[in-house]
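Quick notes on the structure that follows.
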Amino acid sequence: MTVVNEVRGKIANEDLEREEGMISREVVLRVDRLIWTAESGKVEAPQEIRQQAAGWVFNNNNGTGERPFALTNASRLEVGHSYVTALDWVDDPCSKDVMKGSWVGLGAFGTIPFDSGILGLGEVEGRIQDLRGVRVDIPTLRTDVAGKSVEELAAQLSTAERKKIAPHPTECEPED
């Protein structure tokens, strides 16, 4: 996937009054290639998805102003950079239509930088990382595949043992 756009969120009124807080961000990701899919997939992979991503923090009280925010050892999802990420289809519990729902990422650590077609090369924590910068003290999928080709990752996924996971909540909450 390649991040093609970002939309800055609005600052909450209480944060404006306090003059410190967080600013949300939504990114638009173009799906460049499908590497692997579960056999039971009932919904076709999208051409693009929108998802919430780390935005900015600001503090006008102490003079630090605004700065980008990133989770430790996770990609911030920056415009122009490419990533390999795991997506899951979540049915809309308020609808009986199986085509209603949304694609969601499977966690910040399931996203692998993929600039120049190399797994592990690219943006992490808002900074460009080469393969020497891959943290091995925090084992993740990214550490396991750093430097490998996307074909090697696809081969690993196709032979991986499937684990039973807890189903997503099915209670309808219309205000969400």
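Per-structure values
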{"quantity": "Packing rank of 82-92, 46-56, where each peptide gets the mean count of other beta carbons within 10 Å, highest leading", "calculated": "82-92, 46-56"}
{"quantity": "Whole-percent carbon and sulfur share, accessible surface of the chain, 1.4 Å", "calculated": "52 percent"}
{"quantity": "Furthest towards positive pole of dipole, 21, 93, 3, structure part the chain, Cβ charges", "calculated": "3"}
{"quantity": "Probe 1.4 Å, protein heavy atoms only - accessible area per residue of the chain in square angstrom", "calculated": "65 Å²"}
{"quantity": "Accessible area, probe 1.4 Å, largest first, for residues 157, 121", "calculated": "157, 121"}
{"quantity": "Neighbourhood charge, 11 Å Cβ-Cβ cut-off, centred on residue 49 and excluding it, Lys, Arg +1 and Asp, Glu -1", "calculated": "0"}
{"quantity": "Loop-located trypsin sites (Lys or Arg not before Pro) in region 62-101, at most 12 other Cβ atoms within 10 Å (DSSP)", "calculated": "96, 100"}
{"quantity": "The chain, relative contact order in percent, only Cα pairs under 8 angstrom and at least six apart counted", "calculated": "18 percent"}
{"quantity": "Local net charge near residue 127, Cβ-Cβ under 10 Å (Lys/Arg +1, Asp/Glu -1)", "calculated": "-2"}
{"quantity": "For the chain, fraction of C-alpha pairs farther apart than 28 Å, in %", "calculated": "33 percent"}
{"quantity": "Relative contact order computed over region 1-95 (Cα-Cα under 8 Å; 6+ residues apart), in percent", "calculated": "31 percent"}
{"quantity": "Protein-only accessible surface order, largest first, of 128, 118 at 1.4 Å", "calculated": "128, 118"}
{"quantity": "At most 13 other Cβ within 10 Å, DSSP loop - trypsin sites (Lys or Arg not before Pro), region 1-42", "calculated": "10, 33, 42"}
{"quantity": "Descending semi-axes in Å of region 69-143, equivalent ellipsoid built from Cα gyration tensor", "calculated": "29, 12, 11"}
{"quantity": "Positive minus negative residues near residue 21 (Lys, Arg vs Asp, Glu; Cβ under 10 Å)", "calculated": "-4"}
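The values are calculated or read from the model by the stated rules, or taken from the named source; none is laboratory data. This one's a predicted model, so the numbers in the text were calculated from it and none came from an experiment. We place every Cβ from the backbone using ideal geometry, glycine too, and count neighbours over all the protein chains shown. Just so you know, the surface numbers come from the protein's heavy atoms only, side chains and all, with ligands and any DNA or RNA stripped out. Shrake-Rupley method; radii C 1.70, N 1.55, O 1.52, S 1.80 Å.
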